[in-house]
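Report on the following structure.
The values are calculated or read from the model by the stated rules, or taken from the named source; none is laboratory data. The structure displayed is predicted, hence computed values, not measured ones. Neighbour counts run over all protein chains shown; Cβ positions are idealised from the backbone, glycine included. These area figures cover heavy atoms from the full protein model, side chains too; ligands, DNA and RNA do not enter into them. Shrake-Rupley method; radii C 1.70, N 1.55, O 1.52, S 1.80 Å.
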Amino acid sequence: MANALMSASVVSAECLDTVAAKADAAGPDGFSAIPRMAADILGVPLAVLAVADGERLRFVAEVGFAYTGIPLSASLLMPRLGQEGPLSLPDMRADRQFCNHPLVLAGPMLRFVAAVPLVAANGEVFGFVAGFDPQPRAEPATALQMRLLGGLAEQALALMAARGREHALRSRLEEKLRCIDAIANQTMVGVIHQDFEGRVISVNQHFCALTGRSAEELSRRPFEGMVHPDDWAVLQDRFNAHKESGEGFSTELRWLHPDGSVLWCMANIFFVRDSADRYASFAMFMHDITALQDAKAALVNSEERFRLATRAARLGVADYSPLTGRFNWSDELRTMLGAPQHAVPTMRLVLKVLEGEARQEARKWFRQKTPAAFKIKGPYIVPIRRLDTGEPRWLEVCVWSSPDAGAEATGKIGRVVITTRDVTDEKHSEERILWAAEHDPLTGLANRRLFVKRLNEAVVLAERDQSQVGLLLFDLDKLKQTNDTLGHEAGDFLLRTFVDRLNQVRRDGDTLARLGGDEFALIMPGLSSETQMLDLAQSLLDRMREPLNFGGRPLECRASIGACVYPAHGRDAASLQRNADVALYRAKAQGRCRLVVFEAEMRSELQLVSSMLEMTRQALSTNGIIPYYQPKIALGTGKLVGFEALLRWRHPRRGIQGPGHISAAFEDLDLAEAISVRMFKLVAAQMRAWLDAGFDFGHVAVNASAAEFLRDNFAERVLSQLQEAGVPPRYLELEVTESVLLGHQADRADNILRTLSNAGVSIALDDFGTGFASLSHLQRFPVDTIKIDRSFVRDLEHNAYGGAIIRAVISLGRSLGMNVVAEGIETEAQVRFLIAHQCDTGQGFYLGRPADGPSVEALLAIPGAAHQFCSS
């Protein structure tokens, strides 16, 4: 081999004659040289020697084709060659006759062609020699290339001649080979002919250009130093392996140029017999494939990047051909499906992970054969079971189609790419989020959203089945009091106990829901009668009466229940809920811990509450909330010492109204706070006006609701309103009820009251003696004034007990250095009693009725205003 590849000159006719003779002697196998030579001459990847054989066009020999023949009716060239003879087109897609042919539009998508017909003695075309290229060219084959191709056609005809005409065939081949030798230097294929001793017989100019060496240098220098070491070893091994048999072979070589550059070439090597019919030399046909290798490298890099990207994105990829049924998958997809490492990827294996309807739909989809069926689809969320463990998983599946060129015209389907992503964790997260969106976190019960959904479903089923649905609404009594007095841990314990007791009596299939802090609901579908619901409710009330302890302290686990039944009390879910709420409102109003079934007349009570709330909203939006001022008189001197601001509101038709007509608003935290903000703003503005007028009004007391003490910024807001109005804090007195000082909010109340007290605001404890306040509260909180509740003042003339309480409170106040105010004074006898027992201040209709700001201002402007109030 080393000597055989040492030198080169020009291709001789004798050499090619020997090739032809050898091909002839070798029988059908000898034809394989013809398409190889045609491919090298034309510089194309596809070449064929074809003949008509009955109904088929048989490929006697071919280069680059994956099949051995096609139907004669599907022949690309036979009709044209029969009419026009040799043919060369730079781009068949531009030719009217060829542009719509399937071999042009689809695989292998032929573009360039050069062909010469095989003509029988009678003039009939029965085959051809042709070269093809999937890439179009700017120009057709050169005349020289066509002549060379014609020579190959003639060589094929010669090989097909009878062995008895050997000498005539050899003569004709010699002529053709001389023609080939003459034009070899004009082709784009490098050719070298060298004997086994290393002598170069011939070499063309293009071979010199490809290797970067002159013909003289190639004659003197062995190939070993010009070919990449790795490729040289492969070339030697293959040359020696084929030398004895004379079978040609192809290999890729990297030629090392003198300037250090590297050129990739495809080398086709054929062994040539001498006159003694022995293999004595070889011919090498070589063309530049550097661009092809670069493209391959780019493709490999692209595929590697894609592989890394899919791995990083945790994507599984499958490649499917609907035409052939070929199916491949990535390692990531195989792992997702739980298939063995060496499992052969098949559609059957993929379908095995699917179940039921999903498997049937997938099988139907993969049987589609039209391009429209494989347009971009997805994403789909598909449940699977792993092949190895049977574990259920969820995959997100997307499908892309990549049809062959012309698929829409021919109906052929190309490639289908399927990507998958394991979204099991996301699916579980979604389920957890959905569960959290429809359940109460503390009790695990359905929340209001799920309750409404289940109630609607129950009504629909009851209408279909002609059954009844029961609805119980529960209000857990004293939950807030438990939270305030024993802490939220105790409140949570009470909630969980209540839920446990409900669960013990409810039926399977009933839905228990928590609608709010202390509000629960029980949906009872499929009732046969109202009695079923009432019996269960009574069982629950009985369970509620069972004793309960927390931390050694007794708790009451009691509930008020409002009940209604579909269809008697409502024919839709909204009506049922509304009417059960009305019944619950009645149960709480009747003293709690009882069951009330909805009756139609109860709606009027609810409408009254709704009317109160609506009137309050309207009054707030129209600035209809106004303060009236009731004087506070020093009982010992009769002097005016201040006012209490009392809420009044303006009705659009009935005029000024008292707070009793909107009492329901004070149980609505948002409305209660809005009223308070409005009152503080107006009172501060009024005090500023009186100060500007020079009136000595003492102070103004404003009531603060318990709801306001739930806001951490309450003190800051009040002081800010005073500052904005320009009123010193000492002119404001804040009245709070004893309930503000109880429970866990006591610490917050202490901070708020001390902030206000330190700023100069005086603090009054309202309705003293009627609640749960203890003497320790008077010591703990910064209280300046104690207000005796009007109920004690009212009864002091007829009830010795009331008088005793008043004397005790007055004594307590004086002992603690606190001012004592008696509310609700309506008679002279009450005034005399209070003065006799040294009560500091009085307030009531007898001393002065409440009046609006302008009226009070007019009286303040009169000398002796205090006496005017007392006599008003």
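Against the criterion of being among the β-branched types (V, I, T), over 16 Å from A851 (Cα atoms), open to solvent by less than 50 Å² (accessible area, probe 1.4 Å) and modelled with pLDDT of 90 or more, V702 does not qualify.
Of everything listed in (1) closer than 30 Å to E857 by Cβ; (2) in contact with a Gly (Cβ under 6 Å, 6 or more places away or on another chain); (3) open to solvent by less than 20 Å² (accessible area, probe 1.4 Å), the single unmet condition for Y629 is (2).
Across the stretch 66-94, the number of residues qualifying as assigned to a loop (DSSP other than H, G, I, E, B), closer than 22 Å to A141 by Cα, at pLDDT below 90 and not small (G, A, S) comes to 2.
You will find that of L256, L263, L235, the residue that is open to solvent by 40 Å² or more (accessible area, probe 1.4 Å), touching a strand residue (DSSP E or B) at 6+ places or on another chain (Cβ under 8 Å), at pLDDT 85 or above and aliphatic (A, V, I, L, M) is L256 and no other. Listed by position, the strands (runs of 3 or more DSSP E) enclosed by the stretch 649-757 that each have at least 2 residues that are over 30 Å from E605 (Cβ atoms) and either under 46 Å from the mean Cα position of the chain (by Cα) or not charged (D, E, K, R) (or both) are 700-703, 732-737.
Residues in the stretch 490-515 that are in contact (Cβ under 8 Å) with a residue 40 or more places away in the chain and in contact with a strand residue (DSSP E or B) (Cβ under 9 Å, 6 or more places away or on another chain): A490, F493, L494, L495, T497, F498, V499, T511, L512, A513, R514, L515.
If I go through the stretch 496-519 residue by residue, how many of them are among the hydrophobic types (A, V, I, L, M, F, W, C) and modelled with pLDDT of 90 or more? Working first, answer last.
Just the residues of the stretch 496-519 that are among the hydrophobic types (A, V, I, L, M, F, W, C), to begin with: 498-499, 502, 505, 512-513, 515.
This time we only want the ones that are modelled with pLDDT of 90 or more, so: 512-513.
Adding up the residues that qualify gives 2.
Among the residues of this structure, V48 counts as one that is in contact with an Asp or Glu (Cβ under 9 Å, 6 or more places away or on another chain), under 18 Å from R147 (Cα atoms), at pLDDT 90 or above and not polar (S, T, N, Q). Would you check which residues across the stretch 614-625 are open to solvent by 30 Å² or more (accessible area, probe 1.4 Å) and not hydroxyl-bearing (S, T, Y) and list them? Answer for the stretch 614-625, where residues must be open to solvent by 30 Å² or more (accessible area, probe 1.4 Å) and not hydroxyl-bearing (S, T, Y): E614, M615, R617, Q618, L620, N623. Take the residues in the stretch 543-561 that are of a type in the set (A, V, I, L, M) and open to solvent by less than 10 Å² (accessible area, probe 1.4 Å), then tell me which one is farthest from the chain's Cα centre (by Cα). If we take residues in the stretch 543-561 being of a type in the set (A, V, I, L, M) and open to solvent by less than 10 Å² (accessible area, probe 1.4 Å), then M544 is farthest from the chain's Cα centre (by Cα). The residue of the stretch 445-456 that is surrounded by the most Cβ atoms within 10 Å (Cβ to Cβ), among those that are in a helix (DSSP H, G or I), out of contact with any helix residue (DSSP H, G or I) (no Cβ under 6 Å at 6 or more places or on another chain) and touching a residue at least 40 places away in the same chain (Cβ under 8 Å), is F451. With respect to the stated conditions, R507 fails to be within 23 Å of V582 (Cα to Cα) and open to solvent by 50 Å² or more (accessible area, probe 1.4 Å).
Among the residues of the stretch 318-335, which ones are open to solvent by 20 Å² or more (accessible area, probe 1.4 Å) and among the aliphatic types (A, V, I, L, M)?
Let us first name the residues in the stretch 318-335 that are open to solvent by 20 Å² or more (accessible area, probe 1.4 Å), namely 319, 323-326, 328-332, 334-335.
Passing the criteria: only L323.
In this structure, does Q590 turn out to be open to solvent by 70 Å² or more (accessible area, probe 1.4 Å), at pLDDT below 85 and out of contact with any Gly (no Cβ under 7 Å at 6 or more places or on another chain)? It is true that Q590 is open to solvent by 70 Å² or more (accessible area, probe 1.4 Å), at pLDDT below 85 and out of contact with any Gly (no Cβ under 7 Å at 6 or more places or on another chain).
Take P45 and decide whether it is touching a residue at least 24 places away in the same chain (Cβ under 8 Å) and either surrounded by fewer than 16 Cβ atoms within 10 Å (Cβ to Cβ) or within 22 Å of S32 (Cβ to Cβ) (or both). So P45 fits the description; yes. Taken residue by residue, the stretch 362-383 has no member that is surrounded by 16 or more Cβ atoms within 10 Å (Cβ to Cβ), part of a loop (DSSP other than H, G, I, E, B) and at pLDDT 80 or above.
Against the criterion of being modelled with pLDDT of 80 or more and not in a helix (DSSP H, G or I), R334 does not qualify.
Scanning the stretch 424-442 turns up no residue that is open to solvent by less than 50 Å² (accessible area, probe 1.4 Å), of a type outside the set (D, E), touching a residue at least 60 places away in the same chain (Cβ under 8 Å) and in contact with a Phe, Trp or Tyr (Cβ under 9 Å, 6 or more places away or on another chain). Among residues of the stretch 130-158 being over 12 Å from I41 (Cα atoms) and either β-branched (V, I, T) or not in a helix (DSSP H, G or I) (or both), the one that is least open to solvent (accessible area, probe 1.4 Å) is D133.
Here the strands (runs of 3 or more DSSP E) wholly within the stretch 246-296 that include at least 1 residues being hydroxyl-bearing (S, T, Y), on the phi < 0 side of the Ramachandran plot and more than 52 Å from the chain's Cα centre (by Cα) are 249-256, 279-288. Scan the stretch 758-776 residue by residue and report those that are surrounded by fewer than 14 Cβ atoms within 10 Å (Cβ to Cβ), modelled with pLDDT of 85 or more and assigned to a helix (DSSP H, G or I). Once the filter is applied, which keeps residues that are surrounded by fewer than 14 Cβ atoms within 10 Å (Cβ to Cβ), modelled with pLDDT of 85 or more and assigned to a helix (DSSP H, G or I), the stretch 758-776 yields only N758.
When the stretch 48-59 is filtered for residues that are surrounded by 17 or more Cβ atoms within 10 Å (Cβ to Cβ) and touching a Pro at 6+ places or on another chain (Cβ under 7 Å), the ones remaining, listed by number, are V48, L49, R56.
Let's see how each residue does on (1) at pLDDT below 85; (2) open to solvent by 60 Å² or more (accessible area, probe 1.4 Å):
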| residue | (1), (2) |
| --- | --- |
| F128 | no, no |
| G164 | yes, yes |
| S171 | yes, yes |
| C179 | yes, no |
| F207 | no, no |
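Hey, among the residues in the stretch 209-232 that are open to solvent by less than 20 Å² (accessible area, probe 1.4 Å) and touching a residue at least 40 places away in the same chain (Cβ under 8 Å), which one's farthest from the chain's Cα centre (by Cα)? Per the stated criteria, the residue is L218. Restricting attention to the stretch 90-97, does a residue exist that is in contact (Cβ under 8 Å) with a residue 60 or more places away in the chain and either surrounded by fewer than 21 Cβ atoms within 10 Å (Cβ to Cβ) or basic (K, R) (or both)? Among the residues of the stretch 90-97, not one is in contact (Cβ under 8 Å) with a residue 60 or more places away in the chain and either surrounded by fewer than 21 Cβ atoms within 10 Å (Cβ to Cβ) or basic (K, R) (or both), which makes the answer no.
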